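Undergrad: Structure in structure tokens, see below.
The values are calculated or read from the model by the stated rules, or taken from the named source; none is laboratory data. A quick note: this is a predicted structure, and the numbers were derived from the prediction, not measured. All Cβ positions, glycine included, derive from the backbone under ideal geometry; neighbour counts span all protein chains shown. Ligands, DNA and RNA are stripped out before the accessible areas are found, and what is left, the full protein with its side chains, is counted by its heavy atoms. Shrake-Rupley method; radii C 1.70, N 1.55, O 1.52, S 1.80 Å.
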Amino acid sequence: MSQDSKAEWPLWEVFVRAKAGLDHKHCGSLHAADPKMAIQLARDVYTRRQEGTSIWVVRSDQIVASDPGEKGAYFDPMEDKVYRHPTFYELPKSLDHM
Amino acid sequence: MYTQAMDTMGKDGTPSEKGDKTLRSADELAHQATFDERIDAGDFIEAKDWMPEHYRKTLVRQISQHAHSEIVGMLPEGNWITRAPTLKRKAILLAKVQDEAGHGLYLYSAAETLGTSRDQMLDALHTGKAKYSSIFNYPTLTWADMGVIGWLVDGAAIMNQVPLCRCSYAPYARAMVRICREESFHQRQGFESLLTMMTKGTDAQRAMVQDAVNRWWWPSLMMFGPPDSESPNSEQSMRWGIKRISNDELRQKFVDATVEQAKVLGVTMPDPLLKWNEQRQHHDFGEIDWNEFWQVVGGEGPCNKERLAARVKAWDDGAWVRDAALAHAAKQSIKEAA
């Protein structure tokens, strides 16, 4: 049984670029002993049907994230800044495509 | 593949908590209110968001059971890889079994976001504390079983899993979207393999297909879990948006769909009571043997011991590989640092 297993392989987050021209997108995570193995396993787990042309992996414990508890305080201040959007400005019909 | 409705959880040794009766702080109550609002609004809950402890536990149990089912589900099919009748069928079966491994990994990852470790989950499986779908405790006796598993077992799985793509817990929902996309190949390859035997095969092959259908039909119906009247945890899971459609409703949907497919195939279901009910606009069907179901869930199915032993052996035999890979990684990083 697993009582004797000393340590788990570390966790990695996997990012896949679906095709040239697109961003790498987070698609999941996996356990691997080292970076090379993480890339290899990511290929087998997340691109079995040509879902990608490029893979990034990064140790999950290396990711720094914003605090979900602070979501409101952090992101809501942008809510009333509608003037940052092009649709805020009314122009004459003839220039509407500007 | 699929995990049995988690309604079996009340009987798997862990008492199902009835709501939260513990005393809670004002802070927690406020969190709870926000959480309920988000669920009602159809919002997704992400890993780091606040969630009630019972919601977290229910999900860990369901997702890990689901993952175990995918992994154990590789065994009945792995049994036929070396004996597939053609290279084409062997390649297909290999791809399918590899998919099951992948599905297990997506799901373990999703469960880990809830704060449980992979080793904890595997330990629960290996010590018999965690359940997996009872369907995998039946033996795969002939090649036709491979086709029938794809058609009926994966068909039932799809029926169950499609609503899970809208599960309120986002990492689980995302894993399910990926799984459902791949699962459709599983069902279609199974049906096509059976259709080939039925239309181009010998009488013996057609009889083999019918025999496999006879053996897998009832266990497939059991995959939807106990009847609604005996699913005490369903209501809470519905409330939380973890479960979207009831066991009986899904089972009925499955029966209605497969009866039509059986006609195309040219096989019959082993149920004399199965017939169209004009009034209900559904098929009526016979009583499921729930004693058998609970026996298999409880560890007394035809292959329970064999399946678990195979998993434990694989884990134990792989221990030195896992350790060696870690040791190698540690050595490499020292070398790089130097």
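Undergrad: Which FRET efficiency value, to the nearest 0.05, do you get for B:R280 and B:R239 by plugging their Cβ-Cβ distance into 1/(1 + (r/R0)^6) with R0 = 35 Å?
TA: So the FRET efficiency works out to roughly 0.80.
Undergrad: Can I ask one more? How many Å² of accessible surface get buried when B and A come together, counting both sides, probe radius 1.4 Å, rounded to the nearest 100?
TA: Adding both sides of the contact gives about 2200 Å².
Undergrad: I would also like to ask the following. Going by a ≥ b ≥ c, the root eigenvalues of the Cα gyration tensor, does the range B:112-201 fall in the rounded group (a/c under 1.5), the prolate group (a/b larger than b/c) or the oblate group?
TA: Oblate, because a/c is 1.5 or more while a/b does not exceed b/c.
Undergrad: To continue, here is another question. Which value results when the Cα radius of gyration for chain B is divided by 2.2 N^0.38 Å?
TA: Taking N as the residue count of chain B, the ratio is 1.06.
Undergrad: Right, next: Take every residue in peptide B:38-49, count the Cβ atoms of other chains within 10 Å of its Cβ, and give the average of those counts.
TA: The shielding value for this peptide is 1.
Undergrad: Also: Normalised by the residues of chain A, what does the relative contact order come to in percent, with Cα pairs under 8 Å and at least six apart?
TA: Result for chain A is 26 percent.
Undergrad: How many partner chain Cβ atoms sit within 10 Å of a residue's Cβ in peptide B:307-319, on average, as a whole number?
TA: 1
Undergrad: Determine the order of A:M78, B:M198 by accessible area, beginning with the largest, at a probe radius of 1.4 Å.
TA: A:M78, B:M198
Undergrad: Could you go through the range B:165-179 in sequence order and give the Karplus-derived ³J(HN,Hα) for each residue, using 6.51 cos²θ - 1.76 cosθ + 1.60 with θ = phi - 60°, rounded to whole Hz, and x for Gly and Pro?
TA: 5, 9, 4, 5, 8, 4, x, 5, 4, 5, 4, 5, 4, 4, 5
Undergrad: Turning to a different aspect of this structure: Peptide B:118-131: average number of partner chain Cβ atoms within 10 Å per residue?
TA: 2
Undergrad: Follow-up. Rank B:S64, B:Q236, B:A329 by how far each Cα sits towards the positive end of the charge dipole of the protein assembly as shown (+1 on Lys, Arg Cβ; -1 on Asp, Glu Cβ) and give me just the farthest.
TA: Of the listed residues, the answer is B:A329.
Undergrad: Related question: Which three extents, in whole angstrom, do the alpha-carbon atoms of chain A cover along their principal axes, largest first?
TA: Each principal axis gives a Cα extent; for chain A these are 72, 36, 19 Å.
Undergrad: List, in the order given, every pair from B:K48/B:K129; B:K48/B:K335; B:K90/B:K313; B:K253/B:K313; A:K25/A:K93 whose Cα-Cα distance in the structure shown is over 29 Å.
TA: As for pairs spanning more than 29 Å Cα to Cα, those are B:K48/B:K335; B:K253/B:K313; A:K25/A:K93.
Undergrad: Shifting gears a bit: In whole angstrom, note down how far apart the Cα centers of the range A:1-61 and the range B:115-131 are.
TA: 22 Å
Undergrad: Sorted by accessible area with a 1.4 angstrom probe, largest first, how do B:H103, B:H31, A:H97, A:H24 fall?
TA: Largest to smallest exposure gives the sequence A:H97, B:H31, A:H24, B:H103.
Undergrad: Same structure again: From the Cα gyration tensor of the range B:213-338, with a ≥ b ≥ c the square roots of its eigenvalues, which class applies: rounded if a/c is under 1.5, or else prolate if a/b is larger than b/c, or else oblate?
TA: prolate
Undergrad: Then there's this: How many percent of the alpha carbon pairs in the protein assembly as shown exceed a separation of 39 Å?
TA: The proportion of pairs with Cα distances above 39 Å equals 28 percent.
Undergrad: Taking the alpha-carbon centroid of each part, what is the distance from the range B:192-230 to the range B:138-181 in angstrom?
TA: Spelled out, the Cα-based centre of one part sits 16 Å from the other.
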